[in-house]
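Accompanying notes for the structure given below.
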């Protein structure tokens, strides 16, 4: 069965600094919110925007390289999607945002403002990344998480749940921040790697009500709950090490 094309490349093009030509697209049929005859943004080839689904590139947005936009995704404003990036599902990328490298933005996620998502990073679920935020490396932001301001999330870090990372905060390494976390400056979070019987990572951070939360493996709760759990399952040496680490965290975060 022959795929029905929903758009075509027009003769209008812009030249990328690399020498690539990016062509403005024009809708051939009605689909989603797009009316036949509407002009869209710019793509390098039809490989950049799927003919199936309601995905569309609007305005001055550009998609090129081996990047793909599909599903019901929208790329608009002055946004750029390139490299091997994928934007799909019901995701939106707009403003002056850029998604590139092998990054993935999907689900109902939104990346906007001057945000950058790149490397092997993934943003999905109902997550929002905006402002001047950067998410990169193998980091993941998902759930209802928000990363904004000048925040950085990278390495193997995970930010999810209803967590907010903003201001000048950096979350990286193997840190995990989730639940009702509110990390707005570097001193709001601390993590210790290669700890415990499994040589894992203990992350301690402020919640939105000002209390301290801890994550370690599958555990998430207050630091008091963590210490109580540790007393039940760990030997005296491991338990004491965790107590000392939490004292350091309290000193750093609470002052």
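What are the radius of gyration and Dmax of the stretch 1-43, computed over its Cα atoms and given in Å?
Computed over the Cα atoms of the stretch 1-43, radius of gyration and Dmax are 12.1, 38 Å.
Could you work out which residue, out of 127, 151, 27, moves most in a Gaussian network model of the chain, that is, has the largest mean-square fluctuation with Cα springs under 10 Å?
27
Can you compute the equivalent ellipsoid semi-axes for the stretch 184-255, i.e. the square root of 5 times each eigenvalue of the Cα gyration tensor, sorted largest first and rounded to whole Å? Present the calculation step by step, with values, prior to reporting the outcome.
Numbers: eigenvalues 79, 29, 24 Å².
Values for the stretch 184-255, descending: 20, 12, 11 Å.
Taking the chain as a Gaussian network, Cα atoms linked when under 10 Å apart, which of 87, 43, 195 shows the biggest mean-square fluctuation?
For the chain, modelled as a Gaussian network with Cα springs under 10 Å, the answer is 195.
Let me know the whole percent of all Cα-Cα pairs from the stretch 60-177 that are separated by more than 25 Å.
It works out to 10 percent of all Cα pairs.
Expected output is a single nm value to one decimal: the length gained when fully extending between residue 207 and residue 186, i.e. 0.36 nm times separation in residues minus the C-alpha distance. What is it? Walk me through the numbers on the way to the answer.
Numbers: separation 21, 0.36 × 21 = 7.56 nm, distance 1.41 nm.
Computed gain between residue 207 and residue 186 is 6.1 nm.
Where a ≥ b ≥ c are the square roots of the eigenvalues of the C-alpha gyration tensor, would you call the stretch 194-233 rounded, which needs a/c under 1.5, or, failing that, prolate if a/b is larger than b/c, or oblate? Don't skip to the answer; put the middle values down first.
Values: a/c = 2.82, a/b = 1.53, b/c = 1.84.
Oblate, since a/c reaches 1.5 and b/c is not below a/b.
Which percentage, to the nearest 5, of the DSSP beta bridges contained in the chain is antiparallel?
Values: 26 of 67 bridges.
Around 40 percent antiparallel, to the nearest 5.
Tell me what the chain gives for mean residue ellipticity at 222 nm when only DSSP H runs of n ≥ 4 count, each as -39,500 (n - 2.57), the sum divided by the residue total, rounded to 500 deg cm²/dmol.
Values: 2 runs with 30 residues, N = 255.
Only helices count here, giving -4000 deg cm²/dmol.
Measuring from a point 7 Å past the Cα of residue 46 along Cα-to-C-beta, which residues in the stretch 55-71 have an amide N at less than 13 Å?
Once the point is set 7 Å along Cα→Cβ of residue 46, nothing inside the stretch 55-71 turns out to lie under 13 Å by backbone N.
Where q = 0.17 Å⁻¹, what log10 of I(q)/I(0) comes from the Debye formula for the chain, counting one point per Cα?
-1.10
Test of understanding: extend the Cα→C-beta vector of residue 21 to 7 Å, then name every residue of the stretch 40-61 with backbone N under 14 Å from that spot.
Once the point is set 7 Å along Cα→Cβ of residue 21, 43-46 turn out to lie under 14 Å by backbone N, inside the stretch 40-61.
Using only the alpha-carbon atoms, how far is helix 223-233 inclined from the longest principal axis of the chain? Give it as 0 to 90 degrees, nearest 10.
Rounded to the nearest ten degrees, it is 70.
Given 0.36 nm per residue, what is the gain on full extension from residue 10 to residue 199 after removing their alpha carbon distance, in nm?
Values: separation 189, 0.36 × 189 = 68.04 nm, distance 5.69 nm.
Value of the extension gain: 62.4 nm.
If you rank 192, 42, 219 by fewest surrounding Cβ atoms within 10 Å, what's the result? Kindly include the intermediate steps, with their values, before the conclusion.
Numbers: 192 21, 42 24, 219 13.
Least crowded to most crowded, the residues run 219, 192, 42.
As I understand it, the value is the acute angle between the Cα axis of helix 236-254 and the longest principal axis of the Cα atoms of the chain; what does it come to in degrees, rounded to 10?
60 degrees
Classify the stretch 135-184 as rounded, prolate or oblate, taking a ≥ b ≥ c as the square roots of the eigenvalues of its Cα gyration tensor: rounded when a/c is under 1.5, otherwise prolate if a/b is larger than b/c and oblate if not. Mind showing how you got there, number by number?
Working: a/c = 1.64, a/b = 1.12, b/c = 1.46.
Note, shape of the stretch 135-184 comes out oblate.
Under a point spin-label approximation (7 Å from Cα along Cα-to-Cβ), what is the residue 39-residue 114 distance to one decimal in nm?
Calculated label separation equals 2.9 nm.
For residue 156 and residue 78, what does the FRET efficiency come to when R0 = 35 Å and r is the distance between their Cβ atoms, rounded to the nearest 0.05?
On the way: r = 31 Å, r/R0 = 0.88.
Taking R0 as 35 Å, the efficiency between residue 156 and residue 78 is 0.70.
Can you tell me which of 30, 209, 108 moves the most in a GNM of the chain? Springs connect C-alpha atoms under 10 Å apart.
Of the options given, 209 has the highest mean-square fluctuation.
Read-outs throughout are calculated quantities, based only on the coordinates presented, and are distinct from any laboratory measurement. None of these values were measured; they are calculated from a predicted model. A quick note on method: Cβ atoms are made from the backbone with ideal geometry, for glycine too, and the neighbour counts reach across all protein chains shown.
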